[in-house]
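The values are calculated or read from the model by the stated rules, or taken from the named source; none is laboratory data. Just so you know, these numbers come straight off a predicted model, no measurement behind them. Note that we place each Cβ from the backbone using ideal geometry, even for glycine, and neighbour counts take in every protein chain shown. The accessibility values were calculated without ligands, DNA or RNA, using every heavy atom of the protein model including side chains. Shrake-Rupley method; radii C 1.70, N 1.55, O 1.52, S 1.80 Å.
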Amino acid sequence: MNGSKWKSIGIALLLASTPLSGALAAQDVLVLARAEDPPTADPGFEISNSGYTLTYAAYERLVAYKGASTEVGPELAESWTADDAGLVWTFKIAAGHKFDDGSPVDAAAVKFSFDRLMKLKAGPSDAFPVLKEVEVVDPQTVRFHLTAPFAPFISTLAVSGAAIVNPKVMEHEKDGDMAKAWLAEHSAGSGPYRIASWERNQSIVLDRNEHYSGSQPALKQVVIRIVGDVSARRLQLTNGDADIIEQIPLDQAEALQKDASVVVESNPSMYVNYIYMNNRQPPLDDAKVRQAISYAVDYQGIIDGIMLGQAKQMRGAVPSGMWGHDPQGFQYSYDIEKAKALLAESGKGDIHLTYTFSQADPAWEPVGLALQASLAEIGVKLDLQAVADTTKRELVANGKFDMAPGAWTPDFADPYMFMNYWFDAGKMGGPGNRSFYNNSKVTGLVQEAASIVDEAKRKALYIEAQKLSTDDAPYLYIMEKNDIFARRAAVKGYVYNPMLIQVYNFGTMSKTE
Amino acid sequence: MAITRIILPRLILLLFVVLGVAVITFTISHLIPGDPARMIAGDRASAETLENVRRNLGLDRPVVEQFTIYIGNLLQGDLGTSLRTNRPVAADIRTFLPATLELGTVALFIAICLGVPLGVLSAVYKDGPIDQVARTVSVCGISMPVFWFGLILIYVFYAKFQILPGSGRLAMGIVAPERITGFLLIDSLLQGRFDAFRSALYHIILPGFVLAFANMGVITRQIRASMLDVLQEDYIRTARASGLRKGMIIFNYALRNALIPSITLLGLALGDLLYGAVLTETIFAWPGMGTYVVTSIQTLDFPAIMGFTIVASVGYVLINLLVDLAYMLADPQIREV
């Protein structure tokens, strides 16, 4: 090393000895702190909400959820029509939308994106079970051909997997991977932002997409910092180093509410906690036993005691806020006498069950303990079995359990997401019918509802299916949870959409500090 | 030569260790219930999608075949592809290992710089007030939980007085220097990036000190004990009798001999640093191997877990080898054996 190098090291050490200046983020930079790095940013591959934070910011879809509503409106598509059978859908693409390299979004790009999605055939492609072919009619017109009528089709076009990807990404293809490796950490969309850099496990920087067709976002940059420890995240928020923090425990959320510079966002969501009861396994194969258990749960006690009021009891399978929800639907209530009577009627005695849970959701263990206490009152013994989350999923998928808690969120805004997954006898195990519920009448109703387009008729079918299934009590309907995160009061313009948990409308948000 | 006699068997041993670790981790990963395909495609994936993902990952092949492929790739330096991030595990490790090594090196440096003098003073002024203080500090270091100590420091230095940053390796808005060694402190200096150097230095102080603290306790205790032994030796008494200066006796004669048993300790300390790093990295959002392996375990990302285990075990064997070599250099008698 030469002399000047040594001198520069000396200067560096000198500089290092001056005190740290305040590190508040600039007004046009938003810092979001969360616990984990998103797995990937490839819309064809990503299935976690954490990754959706990136895919929704970087890409546009043909249609999108508008504001706080669960209904879809135009995004890339300015209009669309369907034939009477619901098999052919034609979309007109609005002019002026551009990818972040300046090339226009056209019908060929739409076809490319869906061909890629269906060829990858990873998780996101499951939203399109009947997609046969995408056809380019002219540069601004694209046509989708389905093999069977699929009522939620237009709604599925708003999901993360339906993002329109710039066909030029194929320049980054390696070993026939359809640019999967590159898209995992980069973006090639027409959304308001693009991924500028990604330091794994440290931070992701989103920059404005210079070619975005909408109005220029106020936030020049969005930085997602990965901060594993919840106390550290909280300190960053109160110190002003982070503008939004996610995954805060309920008791900490309560404490944060006292800080005037912080707003705790708590919004009703379609994230439900329910309990699968294995309908194939005696004595839970007897509807009377399941009903008895449904009456033995102290729903309000769980919501007040465990959730500190940040939830409400489910009413049927379709959550409130989604069409197809039945506000008059039957709700089981905490009634020990009725539970005892039903159990006596069933003739089953000496019942011993296991509740298999993991720590994936912090509510599952206390809910299990509450359940254990109330079931003891009707003479049912419940053992709590804690396992790793992957083990729990595997046991559930294979039907090797008595009772197990579960969480569910819809991917798109259609009762299909609940009814057809939970009750179709053809979807037992992993895919969704995790209580192994088999009622041919209900299966018929939900299948019919998925294959017709008339929304009023579909609603009637789903409500009838809910009535029948609630009576059979295949699941314990525990609660719809609030979605909670904390932001600095200076962050303005956030719009909560129950379909887009952990997804922010960065493009229309701003800071006033 | 004696050196080749020591090194060669170790290198052969290394091969067996890697193979053994690969067999064990591979077996465990196939015994734990949990389907990697389900992790990738999502819980509610359809049977066809699961089948497709399984085929793409080669999980539909017989276990023995999967293992043969894994070992074959391993011999070519390919650790497989992470299920979670979709990146080669080797690339992930190249990204995260330097951060952990940098943190560990700084922590070891702090631990030695504080632990050795403290141990010496403690022995020289045995039972005096300095000794009491040193012993208290070392007990605290050994018994204080890393996460608790870390949070206290974050609270005091970051939240309360805003003297030091509480997370990450660099301040926001500072572009990382081009990667040469992966050590930000070194890379930034080599490129004359003083802003990055300063930021990196500030960021490493708290996690470095937290990680150093436990090891400092162990080092202090060890140095104190071996110094006390050495100070009883005849040659020290002779040196004293011949009127040599006290400082000369302590540093030139006593400490040098007291350090020999500490070499093993330093090897162990280095291993401890890797363990401690997992917790420290989580608290300080340090993007190193610790956080990587924790998230990999949470998501049952087997290729990543196996890659980490293999790299860590190679590291251990190499550290042991270095310790033995250091012994030989320090104590000529061992060279003769």
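Only a single criterion out of (1) aliphatic (A, V, I, L, M); (2) within 24 Å of the chain's Cα centre (by Cα); (3) part of a helix (DSSP H, G or I) is not satisfied by A:A413, namely (3). For the stretch A:150-200, taking the residues that are of a type in the set (A, V, I, L, M) and out of contact with any helix residue (DSSP H, G or I) (no Cβ under 7 Å at 6 or more places or on another chain), the one that is modelled with the lowest pLDDT is identified as A:A181. May I ask you to list pairs of residues, at least six apart or on different chains, whose Cβ atoms are under 8 Å apart, with the first in the stretch A:328-353 being outside any helix (DSSP H, G or I) and the second being open to solvent by 80 Å² or more (accessible area, probe 1.4 Å)? Matching pairs, first to second residue: A:G329/A:K467; A:F330/A:K467; A:F330/A:D471; A:Y334/A:Q300; A:I351/A:K381; A:H352/A:K381; A:L353/A:K381. Annotation: of all residues in the stretch A:80-112 being among the polar types (S, T, N, Q) and open to solvent by less than 50 Å² (accessible area, probe 1.4 Å), the one that is farthest from A:I154 (Cα to Cα) is A:S103. Within the stretch B:283-312, the set of residues being without any contact (Cβ under 8 Å) to a residue 60 or more places away in the chain and over 19 Å from B:L101 (Cβ atoms) comprises B:I297, B:Q298.
The listed residues are B:L184, B:L170, B:L189, B:L153, and the only one of them that is free of Cβ contacts under 8 Å to residues at least 60 places away in the same chain, farther than 14 Å from A:N239 by Cβ, open to solvent by less than 50 Å² (accessible area, probe 1.4 Å) and more than 10 Å from chain A (Cβ to nearest Cβ) turns out to be B:L153. Answer yes or no: is there a residue in the stretch A:316-324 that is over 20 Å from the mean Cα position of the chain (by Cα) and either of a type outside the set (D, E, K, R) or not in a helix (DSSP H, G or I) (or both). No, every residue in the stretch A:316-324 fails to be over 20 Å from the mean Cα position of the chain (by Cα) and either of a type outside the set (D, E, K, R) or not in a helix (DSSP H, G or I) (or both). The C-beta contact set for the stretch A:252-275 (first residue free of Cβ contacts under 8 Å to residues at least 24 places away in the same chain, second residue outside any helix (DSSP H, G or I), distance under 6 angstrom, 6+ apart or interchain) comprises A:Q257/A:V264. Would a scan of the stretch B:60-78 turn up a residue that is in a helix (DSSP H, G or I), buried (at least 17 other Cβ atoms within 10 Å of the Cβ), in contact (Cβ under 8 Å) with a residue 60 or more places away in the chain and not aromatic (F, W, Y)? Yes.
So which of A:D42, A:D84 ends up being away from chain B (no Cβ under 14 Å), in a loop (DSSP other than H, G, I, E, B) and over 24 Å from A:D483 (Cα atoms)? Can you show your working first?
Working: A:D42 fails: away from chain B (no Cβ under 14 Å).
Answer to the selection: A:D84.
Note on the stretch A:468-496: residues that are part of a loop (DSSP other than H, G, I, E, B) and crowded, with 20+ Cβ neighbours inside 10 Å total 2. Close contacts from the stretch B:227-247, counting a first residue that is open to solvent by less than 90 Å² (accessible area, probe 1.4 Å) and a second that is not in a helix (DSSP H, G or I), with Cβ to Cβ under 7 Å and a gap of 6+ residues or different chains, come to B:L228/B:K126.
Residue check: B:E51 meets all listed conditions (1) within 14 Å of chain A (Cβ to nearest Cβ); (2) open to solvent by less than 50 Å² (accessible area, probe 1.4 Å); (3) within 23 Å of A:K392 (Cβ to Cβ); (4) part of a helix (DSSP H, G or I) but one, namely (2). Here is the figure for the stretch A:214-245: residues that are more than 18 Å from B:V175 (Cβ to Cβ) and modelled with pLDDT of 95 or more total 6. A residue that is touching a Gly at 6+ places or on another chain (Cβ under 6 Å), under 20 Å from B:G288 (Cβ atoms) and more than 14 Å from chain A (Cβ to nearest Cβ) cannot be found anywhere in the stretch B:83-100.
Counted as qualifying within the stretch B:278-337 are the helices (runs of 4 or more DSSP H) with 3 or more residues that are at pLDDT 80 or above and within 14 Å of another protein chain (Cβ to nearest Cβ), namely B:289-298, B:302-330. Residues that are hydrophobic (A, V, I, L, M, F, W, C) and free of Cβ contacts under 8 Å to residues at least 12 places away in the same chain were ranked within the stretch B:24-38; the one that is surrounded by the fewest Cβ atoms within 10 Å (Cβ to Cβ) is B:L31.
Would you list the helices (runs of 4 or more DSSP H) that sit entirely within the stretch B:101-201 and hold 1 or more residues that are of a type in the set (D, E, K, R) and modelled with pLDDT of 90 or more?
Fully inside the stretch B:101-201 and qualifying: B:129-143, B:184-190.
If you check A:V396 against the conditions, is it closer than 24 Å to A:A287 by Cα, within 14 Å of chain B (Cβ to nearest Cβ) and among the β-branched types (V, I, T)?
yes
For the stretch A:430-483, filtering for residues that are in contact with a Pro (Cβ under 6 Å, 6 or more places away or on another chain) and more than 30 Å from A:L369 (Cβ to Cβ) leaves 2.
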